[in-house]
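The values are calculated or read from the model by the stated rules, or taken from the named source; none is laboratory data. Remember, predicted model here, so these are calculated numbers, not experimental data. Backbone-built Cβ (ideal geometry, glycine too); neighbour counts: all protein chains shown. The accessibility values were calculated without ligands, DNA or RNA, using every heavy atom of the protein model including side chains. Shrake-Rupley method; radii C 1.70, N 1.55, O 1.52, S 1.80 Å.
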Amino acid sequence: MKSDSRMSLRILARDPILLALVFVIFVSIALFVVYPLVMVFLASFQVRGDWTLDNYGLMVERRLYRTALWNSLSVGAVVGILGVVIGYVAAFVLTRLDVPFRRTLHYLTILPIISPPFVSAVSILFLFGFNGLITRQMLGLQDFNIYGFHGVVWSQVFTFAPIAYLSLRGVLASISPTLEDAALNMGASRWQTFWKVTFPLSLPGVASAFLIVFIESMADFGNPLVLAGAAFPMLAPQAYLEITGSFNLSRGATLAVILLLPSLTAFAIQRYYLSKRQYITVTGKPSTSTSKIVSPAMKWLLYSFVVLFGLIVVLFYGVIVVGALTQVWGFNYTFTLDHFAYVFQVGFKTVTDTLIIAIISTPVSGLLGMIIAFLIVRRQFPGKSAMEFGSILSYAVPGTVVGIGYILAFNGPPIILTGTLIILVLAFVFRYVPVGIQSGIAILRQIDPSIEEAAQNLGASTLQTFRKVTLPLIAPAFFTGLVYAFVRAMTAISAAIFLVSANWNLMTVQILNQVGSGRLGVAAAYSILVIVIVLAAIGLIGLFVGRMTRHSSMVRF
Amino acid sequence: MSQPVKIKGLNKVFPAADQKGSEVHAVRDVNLFVEPGELVTLLGPSGCGKTTLLRMIAGFEEPSSGEIYFGDRLMNNVPANGRDATMVFQSYAIFPHLDVFDNVGFGLQLKSISRSETNQRIERVLELTGLTGMARRAPSQLSGGQQQRVALARAIVMEPQVLLFDEPLSNLDAKLRDQMRVEIRDLQQRVGITSLYVTHDQIEAMSISDRIVVMNGGIIEQIGTPSEVYARPASRFVADFVGRSNFLPAIVGDGGKLQIGAAHLDNPYPGDAARGERVTVLIRPEALHLTRDVAALRGRILRAMFLGATAEYLVDVEGIGEVIVDQANPGAEGLFQVGETMGVNLAPNAAHIVSDTV
């Protein structure tokens, strides 16, 4: 083993650019991923500079914290289950059944992924709040209370079921329908075929999707902040309140550590246990055969379920649009542009701030992701698995923890960054790079390495190989990485809320402030602007990546 | 331009894949000298180390020990992109996002060569490989043989010191393989670049090479011209791998003449075996001939197969055992029947003593 790493170092030393690249990436991961986390841990064991376990003692003693932990875990579990059920049905119907409007329903189902974090919370307030359209005006309920467990759960299910859908879509699409045909052929009933073939094959994917939704739910900040209410404490908003409300950094850090543990556990299970148990029946060509294991009645039942979810998406966004264009929701529905005028006059600096930050962090994050994926799959160097782990670690770390870590780490010497543009950009780059890395790795593993060897063989250096061959080949992953980085930079709140300042503020924080002061119309107007910007950006990024790789669309691997 | 390739004491040990596995000694103490302009084939079964050896020459694998020279220049520390030893890959490795012209021009465009010269060289090589008129095609629009030509064109347009071929024909169907074999040999002769060619197909190796290097278990078993390797294999492994073989027991008689069963060979064996020694000899199936006349050996036919140009018989020869006989032009005399007892003649110089080890 020792001689191996010496050999790979020797090879690395021959390629100074590669060596420098690896070094810079290691240092940045250590500095901007690991170091803040370490600071959170250290702070949780300190009170005013003294080492102590008092913080953790308080967590056990105080009912507030115990309840917050329990609430976060139970919401996570329930949202995980509901999200997976919706995601599974939608994925099954949209990949395996021959039903109309599949594309439209697909886009409707994933639309919540690109919206700012408060859209569903605000929609739920519009529909079910004290002046809610459904609860108050249609049903005439006076004392209906949406705040608490069910409010958070419904809002999160709406927000995160699309993630489960996307993950399960890949799983179900990779199960060859011929396996079902074989079971039917051997005399199994449809029901038996589903339970004994299709479902077991998709089970690792189901578990994986559950854990992903669980992690997202635990980390979610926006929905609980708006919908949990004072009587239903949850970990992420509680940590925020400890820091901004009572300026108690060490207690916030302790809550962050408690928040981090279940997420990291779920991440470890998902990554190191489940991902090795995915059954993939690759046949080379995608099968177009539709599933025969559901009866027509069942098919339309499942379909109507998916259509219902699509309609709810339309309803939620429709409500936001109406809310943004009317005077006062629930009282005065006259048309107005006042809310947009407010956004463009009073709050326009936030819009430009957000755009600048997103425009800087998107290409950096996208390229970094592709470079790291390339290094991990195609190059040998010591500490490779550490780089892979470090670079995707932040996926499992809730934003609240990252935010607290960044203020702890970069508020004083040796590196002072608080209040700057850089700290927001760094937080976004390193927090959202894992998705690009993961999809880059997935695509690169399927590409014959001799294509890149051929480039080297013809005289291309590592950088030339990457730019001229690797990047065009993994363009779909590059696209994913860029889009994800941009969408998240536009819609992030949980880490960013600790890092914004008077100089650099974000639209999502503005939305939160407007919700907090009851100006839901302005919040809705901001949300619509965010969605419009995100959709436009996805189009632009698609054009850019398409131009970069003109020919690759001619080839299917 | 073209350089000799010298390999001295080359070893490659792959580390164990996991805790339980053991390390793999893929290439063991290989010494080889390839003359300028020569085409040398590395032949052997899969896992014999031939591809690893080629990849070390290309710079894709790091030798565990030993040296690789192009001319007088030690290449060990030269990275793959500086070796000037272009390769034709087994999978062709054509850049799927570039058209034929840009694929072939990829390496030239990286160098500081004027655009007009680059274009001229590309055009010339496209013509040489029969790809004229396909410059703007995407790789997905090419047939297997055309893709093969692009891979070849891309390698030779660089006018490298050394050309490397990694089983370039293994993805083609039989007819096309025969045709491309001739084209590659023809092209290599014309451009005169020192070439190393990896294959597991002995027919391909014999038809294309100046010399063949037969490898087994990471070791070179024999280096020789195709006819040397075929007629005088250095080991039983080589004999068996290159062509089909009958291994028969024999005794060295007076004056070095071999006695196989009841047959005494007329020509003395040129080797240095002692009188009375028991040896194993190789006799190729085509060196045996069945006849209805009286012959030194007699045997009964156990199996008969008509193959067109030849007929293949499995014959139980008295005092020797089962041998395979390839009879040329079976149409002339008709197929002999299973159960018939025939005379068996041995061609002059048919026998070659083989050792079981190198």
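A few points about this structure:
- Buried solvent-accessible surface, both chains (A, B), 1.4 Å probe, Å² to nearest 100: 2600 Å²
- Segment A:301-308 - phi-based ³J(HN,Hα) in whole Hz, Karplus 6.51/-1.76/1.60, Gly and Pro as x: 5, 4, 4, 5, 4, 5, 4, 4
- GNM on chain B, alpha-carbon springs under 10 angstrom: the most fluctuating residue among B:Phe89, B:Phe165, B:Phe14 is B:Phe14.
- Across segment A:462-472, rounded Karplus estimates of 3J(HN,Hα) from the backbone phi angles (6.51 cos²θ - 1.76 cosθ + 1.60, θ = phi - 60°) give 4, 5, 5, 4, 4, 6, 8, 10, 4, 4, x Hz, Gly and Pro being marked x.
- The mean number of partner chain beta-carbon atoms within 10 angstrom of a residue's beta-carbon across peptide B:97-104 is 4.
- Within the listed set B:Ala85, B:Ala273, B:Ala205, the Gaussian network model of chain B (springs between alpha-carbon atoms below 10 Å) gives the highest mean-square fluctuation for B:Ala273.
- Counting Lys and Arg as +1 and Asp and Glu as -1 over every other residue whose Cβ lies under 15 Å from the Cβ of A:Ile528, the net charge comes to 0.
- Among residues other than A:Leu375 with Cβ under 12 Å from its Cβ, the summed charge is +1 (Lys and Arg +1, Asp and Glu -1).
- Residues B:Leu282, A:Leu201 ordered from highest to lowest accessible area at a 1.4 Å probe: A:Leu201, B:Leu282.
- Relative to the Cα centre, the charge distribution of chain B, modelled as +1 at Lys and Arg Cβ and -1 at Asp and Glu Cβ, gives a dipole magnitude of about 620 debye.
- Listed residues B:Gly192, B:Asn267, B:Ala304: farthest to the positive end of the dipole of chain B (Cβ charges): B:Gly192
- Rounded Å value of the spacing that divides the Cα centres of segment A:410-452 and segment A:367-382: 12 Å
- Protection proxy ranking, peptides B:213-223, B:109-119, A:29-39, average beta carbon neighbours within 10 Å, highest first: B:213-223, A:29-39, B:109-119
- Accessible area of A:Tyr342 in the full protein assembly, 1.4 Å probe (Å², nearest 10): 60 Å²
- Positive minus negative residues near B:Gly192 (Lys, Arg vs Asp, Glu; Cβ under 13 Å): -3
- The overall shape of segment B:202-358, judged from the alpha-carbon gyration tensor, is oblate: a/c is not under 1.5, and a/b is no greater than b/c.
- Peptide A:458-466 is shielded by partner chain Cβ atoms: per residue, an average of 6 of them sit within 10 Å of its Cβ.
- Basic side chains Lys and Arg get +1 at the Cβ, acidic Asp and Glu get -1 at the Cβ, and with that the dipole of chain A about its Cα centre reaches some 1160 debye.
- Take A:343-349, B:23-29, B:90-96 and order them by the average number of nearby Cβ atoms within 10 Å per residue, most first; the result is B:90-96, B:23-29, A:343-349.
- ³J(HN,Hα), Karplus 6.51/-1.76/1.60, whole Hz, each residue of segment B:329-335, x for Gly, Pro: 6, x, x, 5, 10, x, 7
- Protection-proxy order for peptides B:34-45, A:364-375, B:289-300, A:385-396, each taking the mean of Cβ atoms within 10 Å per residue, highest first: A:364-375, B:34-45, A:385-396, B:289-300
- With all protein chains kept in place, the per residue accessible area of the protein assembly as shown amounts to 44 square angstrom at a probe of 1.4 angstrom.
- Beta bridges per DSSP, both residues in segment B:5-241: antiparallel share near 50 percent.
- Of B:Val279, B:Val338, B:Val315, the one that fluctuates the most in a GNM where chain B has Cα springs shorter than 10 Å: B:Val338
- Dipole of the protein assembly as shown computed with +1 at Lys/Arg Cβ and -1 at Asp/Glu Cβ about the Cα centre; of A:Val213, A:Ile404, A:Gln446, farthest Cα towards the positive end is A:Ile404.
- The distance linking segment B:48-76 with segment A:160-174 is 47 Å (Cα centroid to Cα centroid, whole angstrom).
- Close amide H partners of B:Phe165, meaning residues 5 or more places away or on another chain with modelled amide H under 5 Å apart, are B:Val88, B:Leu196, B:Tyr197, B:Val198.
- Less than 5 angstrom separates the built amide H of A:Gly229 from those of A:Gly148, all sequence-distant by 5 or more or on a different chain.
- Averaged over peptide B:75-81, the number of partner chain Cβ atoms lying within 10 Å of each residue's Cβ comes to 5.
- Beta bridges assigned by DSSP with both partners in the protein assembly as shown are antiparallel in approximately 75 percent of cases.
- Amide hydrogen proximity for B:Gly253: with H placed 1.01 Å from N in the peptide plane, the residues at 5 or more positions away or on another chain lying under 5 Å are B:Leu258, B:Gln259, B:Gly276.
- Dipole of chain A, positive end: most advanced residue of A:Ala373, A:Tyr342, A:Ala188 [Cβ charges, Cα centre]: A:Ala188
- Look at the Cα gyration tensor of segment A:57-334: its axes a ≥ b ≥ c give a/c of at least 1.5 with a/b at or below b/c, and that counts as oblate.
- Summary of the geometry: segment B:87-155 and segment B:300-328, compared by the centres of their Cα atoms, lie 49 Å apart.
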